[in-house]
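Taking it in order: structure first as structure tokens, then the write-up.
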Amino acid sequence: MIRVFILVFVMCALTSTVAAQEIQFQLPLHGEQGKDFFISNYPDHDTSSNILDPFCGVATYNGHKGTDMSIRGFKEMDSGVVVYAAADGKVASLHDGEYDRNKHWIKGKRWNFVCIAHKNGYFSYYGHLRKLSILVNIGDSVKAGQPLGLVGSSGFSTGPHLHFEVWRKDTLVDPFAGPCNGSKNSLWLSQLKYDTGLYAIDKGFVPYVPGLDTLREGYLATDTFYSNDTTICFWTKIHGLHKGDNIHTEWYDTKGFLWDNYSSVYPEQQWIGFPYNYINARKMPERKGTWKVKRYVNGRFITSADFYMEMKKRKHPAL
């Protein structure tokens with residue numbers, strides 16, 4: 001789960017003339033929801049230890065104040081994913097220079113962010129930005145759609161995403177209109193759908209037993225393995241997971257016969273997670289050719305992928 005470093009903000013004064021009408025926000029990330037970015041957490045509307053997103057679901061975590069828009073991983077982050085101003089305004093505050101590749105929930109970590117003051121007392125915050133990517137200065141006037149910086153993982157974060165947060169003066173505001181946030185009026189020009197879908201965001205193979213950090217990085221992927229490899233690992237990044245879900249993996253040989261299978265219980269309430277399963281390549285029958293792996297959640301087929309087995313040694317042994 002993407003967990004966010006929430007700062008106690010000192011609200012800066014809006015110096016421009018306050019307009020009478022309500023504000024409306026464009027999306028701060030471009031692209032298609034469910035393909036280019038994924039909402040991993042909404043604001044939490046339950047004041048107890050329970051959680052409640054604006055649509056009466058559980059796509060949030062306790063005390064979360066903003067909307068998290070996740071991307072596929074650090075490999076995509078390194079390519080440069082632009083964050084855009086959601087509405088006209090003036091840059092009220094910002095911070096830059098913090099490490100932007102955090103993968104662990106470390107309390108007290110500062111983030112890189114931009115705060116924009118808008119009409120009618122609204123403020124928008126763009127958090128976890130990539131180090132030294134911020135393109136604006138305090139006092140700059142900005143237009144909706146203007147680039148502000150790049151998606152990163154600075155501060156209280158475990159993966160690359162944008163944390164978008166809205167305040168009106170000293171009151172936290174959820175820009176979504178939903179049955180459990182107390183508002184029927186969306187602040188979005190075009191509100192995104194509430195995506196509760198169970199589907200694979202990304203997938204791949206690596207020739208080693210991974211840790212979660214290496215999976216988040218997204219590098220060293222391969223679809224060809226060799227006789228001197230010890231491990232073949234199939235990983236997936238899946239949207240819509242719940243604590244207690246059954247993750248089942250089936251491995252099929254070159255003739256289409258089930259060779260191995262494995263099931264596990266998803267351990268945490270994380271809307272987006274990285275289930276993976278690996279086998280001992282040394283125990284595989286010596287069958288050169290294409291193998292297939294299938295992944296299921298609660299008996300529902302989610303995705304599959306093929307890899308090729310060579311019966312010769314890798315010139316440069318895997319990790």
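For Gly121, indicate whether it is closer than 15 Å to Val91 by Cα and surrounded by fewer than 19 Cβ atoms within 10 Å (Cβ to Cβ).
Details: closer than 15 Å to Val91 by Cα: yes; surrounded by fewer than 19 Cβ atoms within 10 Å (Cβ to Cβ): yes.
Yes, satisfied.
Give the number of residues within segment 76-133 that are of a type in the set (Phe, Trp, Tyr), over 17 Å from Leu29 (Cα atoms) and in contact with an Asp or Glu (Cβ under 8 Å, 6 or more places away or on another chain). Working first, answer last.
Filtering segment 76-133 for residues of a type in the set (Phe, Trp, Tyr) gives 84, 99, 105, 111, 113, 122-123, 125-126.
Filter again for over 17 Å from Leu29 (Cα atoms), leaving 99, 105, 111, 122-123.
Next, from what is left, pick out any that are in contact with an Asp or Glu (Cβ under 8 Å, 6 or more places away or on another chain): 111.
Matching residues across segment 76-133 total 1.
Of the residues Phe301, Phe307, only one is of a type in the set (A, V, I, L, M, F, W, C), assigned to a strand (DSSP E or B) and surrounded by fewer than 15 Cβ atoms within 10 Å (Cβ to Cβ); which? Can you show your working first?
On the way: Phe307 fails: surrounded by fewer than 15 Cβ atoms within 10 Å (Cβ to Cβ).
The match here is Phe301.
Out of curiosity, is Thr303 hydroxyl-bearing (Ser, Thr, Tyr), touching a Lys or Arg at 6+ places or on another chain (Cβ under 7 Å) and within 26 Å of Tyr194 (Cα to Cα)?
For Thr303, the condition - hydroxyl-bearing (Ser, Thr, Tyr), touching a Lys or Arg at 6+ places or on another chain (Cβ under 7 Å) and within 26 Å of Tyr194 (Cα to Cα) - is met.
Could you tell me which residue of segment 9-47 is modelled with the highest pLDDT, considering only residues that are of a type in the set (Ser, Thr, Tyr) and under 18 Å from Val151 (Cα atoms)?
Of all residues in segment 9-47, those of a type in the set (Ser, Thr, Tyr) come to 15-17, 40, 42, 47.
From what's left, under 18 Å from Val151 (Cα atoms): 40, 42.
Values: Ser40: 91, Tyr42: 94.
By that ranking, first place goes to Tyr42.
A quick yes/no check of all residues on (1) loosely packed, with under 14 Cβ neighbours inside 10 Å; (2) more than 17 Å from Ala87 (Cα to Cα):
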residue: Val173; (1), (2): no, no
residue: Trp188; (1), (2): no, no
residue: Tyr194; (1), (2): no, yes
residue: Leu198; (1), (2): no, yes
residue: Asp213; (1), (2): yes, yes
residue: Tyr219; (1), (2): yes, yes
residue: Asp223; (1), (2): yes, yes
- Item | Subset of segment 81-139 (residues that are of a type in the set (A, V, I, L, M) and in a strand (DSSP E or B)) | Val82, Val83, Val91, Ala92, Leu94, Val114, Ile116, Ala117, Leu129
- Query: If we keep just the residues of segment 72-90 that are within 22 Å of Gly211 (Cβ to Cβ) and modelled with pLDDT of 95 or more, which is surrounded by the fewest Cβ atoms within 10 Å (Cβ to Cβ)?
  - Reply: Asp78
- Message: Against the definition (under 23 Å from the mean Cα position of the chain (by Cα), assigned by TED's automatic domain parsing to the domain that holds Ile302, outside any loop (DSSP other than H, G, I, E, B) and modelled with pLDDT of 95 or more), how does Phe164 come out, yes or no?
- Response: no
- Among the residues of segment 104-133, how many are closer than 28 Å to Glu217 by Cα and under 20 Å from the mean Cα position of the chain (by Cα)? 18
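Quick check: anything in segment 252-264 touching a residue at least 60 places away in the same chain (Cβ under 8 Å) and either within 30 Å of Ser124 (Cα to Cα) or crowded, with 16+ Cβ neighbours inside 10 Å (or both)? Working first, answer last.
Of the residues in segment 252-264, the ones touching a residue at least 60 places away in the same chain (Cβ under 8 Å) are none.
Checked segment 252-264: no residue is touching a residue at least 60 places away in the same chain (Cβ under 8 Å) and either within 30 Å of Ser124 (Cα to Cα) or crowded, with 16+ Cβ neighbours inside 10 Å (or both).
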- Query: Which of (1) hydroxyl-bearing (Ser, Thr, Tyr); (2) under 21 Å from the mean Cα position of the chain (by Cα); (3) surrounded by 14 or more Cβ atoms within 10 Å (Cβ to Cβ) does Ser93 not meet, given it meets every other one?
  - Reply: (2)
- Query: Within segment 200-211, can you find the residues that are of a type in the set (Gly, Ala, Ser) and buried (at least 16 other Cβ atoms within 10 Å of the Cβ)?
  - Reply: Ala200, Gly204
- How do the pairs read when you match residues in segment 89-100 that are within 17 Å of His128 (Cβ to Cβ) and of a type outside the set (A, V, I, L, M, F, W, C) with residues anywhere that are part of a loop (DSSP other than H, G, I, E, B) and modelled with pLDDT under 95, using Cβ under 6 Å and keeping only pairs 6 or more apart or on different chains? Ser93/Cys12; Glu98/Arg110
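For segment 180-268, which fully contained strands (runs of 3 or more DSSP E) count at least 1 residues that are within 18 Å of Arg295 (Cβ to Cβ), basic (Lys, Arg) and in the same structural domain as Ile279 (by TED's automatic domain parsing)? Walk me through how you get there before you give the answer.
Values: elements: 199-206, 231-239, 246-252, 258-265.
By residue number, 199-206, 231-239.
The values are calculated or read from the model by the stated rules, or taken from the named source; none is laboratory data. Predicted, not measured: the structure shown is a model, and the values here were computed from it. Positions of Cβ are backbone-derived with ideal geometry, glycine not excepted, and every protein chain shown enters the neighbour counts.
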